[in-house]
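Q: A single structure is presented below for examination.
The values are calculated or read from the model by the stated rules, or taken from the named source; none is laboratory data. Just so you know, these numbers come straight off a predicted model, no measurement behind them. Cβ sites come from the backbone with ideal geometry, for glycine too, and all protein chains shown count toward neighbours.
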Amino acid sequence: MPMIVGVDIGGHHVAAAAIAPEASGMLVSGSYHHVACAPDDDRATLIASWAGAIDYVTDRIGPDRVQGIGIAMPGPFDYAAGVGYFRGNAKFAALYGVDVAQALGEALRHPRPIRFLNDATAFAVGAAPARGNVVGVTLGTGLGSAFLREGIPAIAGDDVPPYGSLWHLPFHDGIADDHVSARWLTARIRERLDGIPTVIAAADAARAGDAQAAAIFADYGSNLGTILSPWVDRFDAGTVMLGGRICGAFDLFGPALRQHLPATHIAVHADTEDAAIIGAARTFDATFWDRARHHLPTR
């Protein structure tokens, strides 16, 4: 049975697994591999980490069975050309202007065709139903977003932001990414909470009744809601699908977010990595790719 290696690249990790398209597109048991990396790693380290994860999965299932490699990649990125344009969102600066497709192909022990999909788009494709209008949002190192119309990315038109991206849009004294990223939470925690070093510790404090900690997460939810609401309305989205590490605190920021999206169904997907891996592998589904490849951001 031919298989696809699906890959999810995040600011602090690369995760990969084999996907069997003929078996409902699920992760092949025993093929999953996760490697920690850092967003400020140099070019050689990043490429080696990503190639190593792909090679691990390929070796586990057998190179002869691998048809292609689908990668969920954060932006800014030229998804058709496979070139990185990372700048302004605190990750992968070493890959600015780099042909990632070529670099990975040269680093892999068993090169295969590589296709890229925006990471938030891949998450939404893997997590959300392929019907209606859905806005997918990933919350972690940065703000990822995707707009799906009947399961296909929408990147242009009056009802979506350019390329379906929200992270770079002006917001308050900067851009949206500045106010709903992990670094925003970390900065507010350092400013307002003594002796609480991490987002997880601040969340625990909020749940234990610390009003200042709770206020930080409420502000976060309000920021996110303010950013999302005009675009959710324009796109007439029936569902907002959330994923990413920060969603572990949805119980704390969710109420404030819902105040801005009272008529929208908000869902949190339990496993962002799995969804992104499955969505990335869909790039080798001819029915999906014949439509989606015409809707790939170039930056």
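Q: Restricting to region 278-292, what's the tally of residues that are exposed (fewer than 14 other Cβ atoms within 10 Å of the Cβ) and either in a loop (DSSP other than H, G, I, E, B) or among the hydroxyl-bearing types (Ser, Thr, Tyr) (or both)?
A: So the first thing to find is which residues in region 278-292 are exposed (fewer than 14 other Cβ atoms within 10 Å of the Cβ), and the list is 286-287, 290-291.
Among the residues that remain, those that are also either in a loop (DSSP other than H, G, I, E, B) or among the hydroxyl-bearing types (Ser, Thr, Tyr) (or both) are: 287.
Total meeting the criteria: 1.
Q: Moving to a separate point now. Name every residue in region 266-289 that is of a type in the set (Ser, Thr, Tyr) and in contact with a Lys or Arg (Cβ under 7 Å, 6 or more places away or on another chain), in order of residue number.
A: Result: Thr283, single match.
Q: Right, another one. Out of all the residues in region 88-105, is one or more aromatic (Phe, Trp, Tyr) and on the phi > 0 side of the Ramachandran plot? Spell out the reasoning first.
A: Of all residues in region 88-105, those aromatic (Phe, Trp, Tyr) come to 92, 96.
Going one step further and asking which of them are on the phi > 0 side of the Ramachandran plot, we end up with 92.
Within region 88-105, one or more residues are aromatic (Phe, Trp, Tyr) and on the phi > 0 side of the Ramachandran plot.
Q: Which ones in region 193-217 are surrounded by 15 or more Cβ atoms within 10 Å (Cβ to Cβ) and polar (S, T, N, Q)?
A: Gln212
Q: Does any residue of region 171-184 turn out to be within 17 Å of Ala276 (Cβ to Cβ) and either outside any helix (DSSP H, G or I) or not small (Gly, Ala, Ser) (or both)?
A: Checked against the condition, which is being within 17 Å of Ala276 (Cβ to Cβ) and either outside any helix (DSSP H, G or I) or not small (Gly, Ala, Ser) (or both), region 171-184 yields no hits at all.
Q: If you don't mind, there's one more thing I want to ask. Only residues that are over 14 Å from Phe235 (Cβ atoms) and either assigned to a helix (DSSP H, G or I) or within 16 Å of the chain's Cα centre (by Cα) (or both): list them for region 122-144, please.
A: Listed by number, the residues that qualify are Ala122, Phe123, Val125, Gly126, Ala127, Thr138, Leu139, Gly140, Thr141, Gly142, Leu143, Gly144.
Q: Check off (1) surrounded by fewer than 22 Cβ atoms within 10 Å (Cβ to Cβ); (2) closer than 19 Å to Ser181 by Cβ; (3) without any contact (Cβ under 8 Å) to a residue 40 or more places away in the chain for Leu257 and give me the number that stays unchecked.
A: (1)
Q: A further question on this structure: Those residues that are surrounded by fewer than 18 Cβ atoms within 10 Å (Cβ to Cβ) and in contact (Cβ under 8 Å) with a residue 12 or more places away in the chain, I need them from region 176-192; list them, please.
A: Listed by number, the residues that qualify are Arg183, Thr186, Arg192.
Q: Right, another one. Looking at region 60-78, is at least one residue surrounded by fewer than 16 Cβ atoms within 10 Å (Cβ to Cβ), among the aromatic types (Phe, Trp, Tyr), touching a Lys or Arg at 6+ places or on another chain (Cβ under 8 Å) and within 29 Å of Ala182 (Cα to Cα)?
A: So far as region 60-78 goes, no, none of its residues is surrounded by fewer than 16 Cβ atoms within 10 Å (Cβ to Cβ), among the aromatic types (Phe, Trp, Tyr), touching a Lys or Arg at 6+ places or on another chain (Cβ under 8 Å) and within 29 Å of Ala182 (Cα to Cα).
Q: Taking region 264-299, which residues are aromatic (Phe, Trp, Tyr) and closer than 14 Å to Gly151 by Cβ?
A: Scanning region 264-299 gives Phe288, Trp289.
Q: Right, here's the next one. Confirm whether Ser145 is touching a helix residue (DSSP H, G or I) at 6+ places or on another chain (Cβ under 6 Å), among the polar types (S, T, N, Q) and surrounded by 20 or more Cβ atoms within 10 Å (Cβ to Cβ).
A: Yes, satisfied.
Q: Consider region 161-170. How many of its residues are closer than 16 Å to His295 by Cβ and either part of a loop (DSSP other than H, G, I, E, B) or at pLDDT 95 or above (or both)?
A: The qualifying residues number 2.
Q: When you look at Val100, is it of a type outside the set (Phe, Trp, Tyr), farther than 30 Å from Val160 by Cβ and either surrounded by fewer than 17 Cβ atoms within 10 Å (Cβ to Cβ) or not assigned by TED's automatic domain parsing to the domain that holds Asp177 (or both), yes or no? Give the steps one after another, and end with the answer.
A: Values: of a type outside the set (Phe, Trp, Tyr): yes; farther than 30 Å from Val160 by Cβ: no; either surrounded by fewer than 17 Cβ atoms within 10 Å (Cβ to Cβ) or not assigned by TED's automatic domain parsing to the domain that holds Asp177 (or both): yes.
So Val100 does not fit the description; no.
Q: Ok, one more. Is region 145-158 home to any residue that is part of a strand (DSSP E or B) and under 18 Å from Gly254 (Cβ atoms)? Give the derivation first.
A: As a first pass, look at region 145-158 and keep what is part of a strand (DSSP E or B): 145-149, 152-153.
Checking the rest, the ones that are also under 18 Å from Gly254 (Cβ atoms) come to 145.
Yes; the residues of region 145-158 include at least one that is part of a strand (DSSP E or B) and under 18 Å from Gly254 (Cβ atoms).
Q: Can you tell me how many residues within region 266-277 are among the aliphatic types (A, V, I, L, M) and surrounded by 23 or more Cβ atoms within 10 Å (Cβ to Cβ)?
A: Going through region 266-277 one residue at a time, the tally reaches 3.
Q: Residue by residue through region 246-277, note down the ones that are part of a loop (DSSP other than H, G, I, E, B) and either more than 14 Å from Thr138 (Cβ to Cβ) or among the aliphatic types (A, V, I, L, M) (or both).
A: If the condition is that a residue be part of a loop (DSSP other than H, G, I, E, B) and either more than 14 Å from Thr138 (Cβ to Cβ) or among the aliphatic types (A, V, I, L, M) (or both), then Leu261, Pro262, Ala263, Thr264, Ala270 are the ones that fit.
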